[in-house]
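Right, one structure below, let's go through it.
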């Protein structure tokens, strides 16, 4: 009886681990995943778009939304821990630039965007 309990427990653990690992490795069909270098390019493109909108005298909320899109794309940059730490530091500039853009302080926001662009472009060296 004791042997039967050990066998049943072993089978239960084997079956449950197979079931859990297949769920963990499942990929979402509707989600687009980007190569880290491509994601960096997308972020820099969005930052350039925000800078052009500032120069053209765009609406504060439109500029803030473009910066939000750049920040969302930055979440796709997942190469290693070193890159992630640097990405978070660059992301803080985007957060500050977005809040300044919402307040209408576009010159200060543009300076932070330029700094963020340099930091994001520098991430490629650490991939």
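Coordinate-derived values only; no laboratory data. What you are looking at is a predicted structure, and each value in this text was computed from that prediction instead of being measured. So basically every Cβ, Gly included, is an ideal-geometry build from the backbone, and we count neighbours across all protein chains shown.
What to note about this one:
- Hey, residue 79 farther than 13 Å from residue 40 by Cβ, in contact (Cβ under 8 Å) with a residue 40 or more places away in the chain and either part of a helix (DSSP H, G or I) or touching a helix residue (DSSP H, G or I) at 6+ places or on another chain (Cβ under 8 Å) (or both) or not: no
Matching residues to (1) without any contact (Cβ under 8 Å) to a residue 24 or more places away in the chain; (2) within 17 Å of residue 105 (Cα to Cα):
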position: 42; (1), (2): no, no
position: 57; (1), (2): yes, yes
position: 61; (1), (2): no, yes
position: 67; (1), (2): no, yes
position: 73; (1), (2): no, no
position: 86; (1), (2): no, no
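Yes/no matrix, rows are residues, columns are (1) under 14 Å from the mean Cα position of the chain (by Cα); (2) in a helix (DSSP H, G or I); (3) under 27 Å from residue 34 (Cα atoms):
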{"residue": "68", "(1), (2), (3)": "yes, yes, yes"}
{"residue": "85", "(1), (2), (3)": "yes, yes, yes"}
{"residue": "92", "(1), (2), (3)": "yes, yes, yes"}
{"residue": "101", "(1), (2), (3)": "no, yes, no"}
{"residue": "113", "(1), (2), (3)": "no, yes, yes"}
